[in-house]
Amino acid sequence: MAKLKITLVKSTIGSKPQHRKTIEALGLKKIRQVVEQPDNAQIRGMVDKVKHLVVVEEI
């Protein structure tokens, strides 16, 4: 099964509360923190909402 490597590259300060909650739900807290999530529709949708704050790589 494919996985996504998600890295937070921009601060959530000044962003919408919904975007902050999405970042937290992805498991990210600090800038440059990296998490691995399964590649499914739910995670892809979350990443699409905060694509201006994260970098995504397929593993």
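The values are calculated or read from the model by the stated rules, or taken from the named source; none is laboratory data. Every value quoted in this text rests on a predicted model; they were computed, and no experiment measured them. Here the Cβ positions follow ideal geometry from the backbone for every residue, glycine too, while neighbour counts run over all protein chains shown.
Contact map, segment 40-59: residues that are within 12 Å of residue 26 (Cα to Cα) and among the basic types (Lys, Arg) paired with residues that are part of a helix (DSSP H, G or I) and modelled with pLDDT of 95 or more, Cβ distance under 9 Å, separation 6+ or inter-chain. Pairs shown: 49/18; 49/19; 49/22. Among the residues making up segment 1-32, those that are among the polar types (S, T, N, Q) and either loosely packed, with under 14 Cβ neighbours inside 10 Å or not in a loop (DSSP other than H, G, I, E, B) (or both) are 7, 11, 18, 22.
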